[in-house]
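The next block holds one structure in the form of structure tokens; read it before the comments.
The values are calculated or read from the model by the stated rules, or taken from the named source; none is laboratory data. All of these numbers come straight from a predicted model, not from anything done at the bench. No Cβ is skipped: glycine too gets one built from the backbone with ideal geometry, and neighbour counts run over all protein chains shown. The protein model used for the area step is the full one, side chains on, heavy atoms only, and it has no ligands, DNA or RNA in it. Shrake-Rupley method; radii C 1.70, N 1.55, O 1.52, S 1.80 Å.
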Amino acid sequence: MAAALILPPAVVAAGSGASAAPAVSSARLAAAATDISVTGSDVSTWPAFSPTISRYAIANGPAADGAVTVDVAAPAGSSVLVNGAPATGPTTVSGLEVGDEVSVIVKDGSESAAYAFIYLPKSFPELTATVPEQPGRQPGLVGLTLNRFGQQAVDFEAVVDGNGVPAHAIASTLGVLDLKVQPNGSYTAQRLTNTPGRTGGALVEMDETFTEIKRFETAGLVNTDGHDSILRPDGSVVLIAYEFDAGAGVADDVV
């Protein structure tokens with residue numbers, strides 16, 4: 001099931017550096033919340049609340065029921081909106097589906113601060129981000145393929161900000177690898193093959209919602225390896241295969 005989240009225009013390959021999450025600007029801190037809690041049946045949030053962090057994830061366990069209660073602590077004299085409606089105390093938001101955003105806005109006169117809580121697929125793992133301070137770190141989001149190699153019922157494909165909060169996330173087939181932006185500008189991931197008689201994976205080209213457009217597999221070889229691939233701007237495709245060499249008793253890498 002695809003999440004109804006907006007895919008950002010740029011994604012950095014998994015393992016690359018990412019910028020920190022968008023922060024509330026210093027000019028708006030007078031209206032910032034002092035604390036926001038989001039609670040419910042089998043839900044949790046991350047990262048820990050900070051007035052200067054604007055985006056948060058709502059993680060859902062198996063018993064989550066699409067409802068959360070939002071409680072906002074704000075400076076005296078300010079007003080609070082939860083999903084656009086005035087809130088004077090704990091406010092319940094129900095009917096949430098994957099990808100929905102719970103919006104919290106704190107207003108103090110002409111100043112305001114906005115926060116977003118993103119409702120994630122069930123069993124999406126909580127992420128902890130360590131963002132090293134280093135010269136030349138590039139801005140953008142990080143593409144992740146999250147799997148535990150058979151230890152959980154489902155894998156996930158996601159692009160996340162510097163706090164590990166997804167901008168887009170979907171449940172995926174088991175064995176997904178290598179979510180990235182290709183040189184030709186397409187989003188791709190390596191997913192398990194569904195072609196009879198073949199082994200390994202397939203390079204899946206996707207649109208901006210991670211919906212499959214096209215698959216690529218090696219020609220004349222039964223295996224397509226899932227660890228790397230290139231869709232070149234000129235339309236050519238570079239894939240890797242593992243093929244067993246019976247004479248040598250080893251598996252060869254074939255480009």
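What is the Rg over Rh value, at two decimals, for region 128-212, using alpha-carbon atoms and the Kirkwood definition of Rh?
Using only Cα positions, Rg/Rh for region 128-212 is 1.01.
Over the chain, with every protein chain in place, what whole percent of the accessible area is carbon and sulfur at 1.4 Å, could you tell me?
Looking at the chain in its full context, I get 55 percent from C and S.
Between SER110 and SER37, what length comes free when the chain is fully extended (0.36 nm per residue of separation minus the Cα-Cα distance, one decimal in nm)?
Length difference between fully extended and current span is 23.8 nm.
For LYS122, list the lysines whose Cα falls under 29 Å from its own Cα; do not include residues on the same chain fewer than 8 positions away.
LYS180, LYS214
Skip the ligands, DNA and RNA, and give the accessible area per residue of the chain with a 1.4 Å probe, whole Å².
On a per-residue basis, the chain sits at 49 Å².
Determine the dipole magnitude for the chain: charges of +1 sit on the beta-carbon of Lys and Arg, -1 on that of Asp and Glu, nothing else is charged, the reference point is the Cα centre, and the result goes in debye to the nearest 20.
Computed about the Cα centre, the dipole is about 360 debye.
What is the chain's relative contact order, in percent, from Cα pairs under 8 angstrom and six or more apart in sequence?
18
Rounded to two decimals, what is Rg over Rh for region 215-255 when you use alpha-carbon atoms and the Kirkwood radius?
Result for region 215-255 is an Rg/Rh of 1.04.
Calculate I(q)/I(0) for the chain by the Debye formula, one identical point scatterer on each C-alpha and no solvent, and give its log10 at q = 0.07, 0.08, 0.16 Å⁻¹ to two decimals.
-0.31, -0.39, -1.16
What are the principal axis extents of the Cα atoms in region 66-164, in Å, biggest first?
50, 40, 16
Take the eigenvalues of the Cα gyration tensor for region 166-255, scale each by 5, and report the square roots as semi-axes in whole Å, largest first.
The answer is 25, 15, 11 Å, longest axis first.
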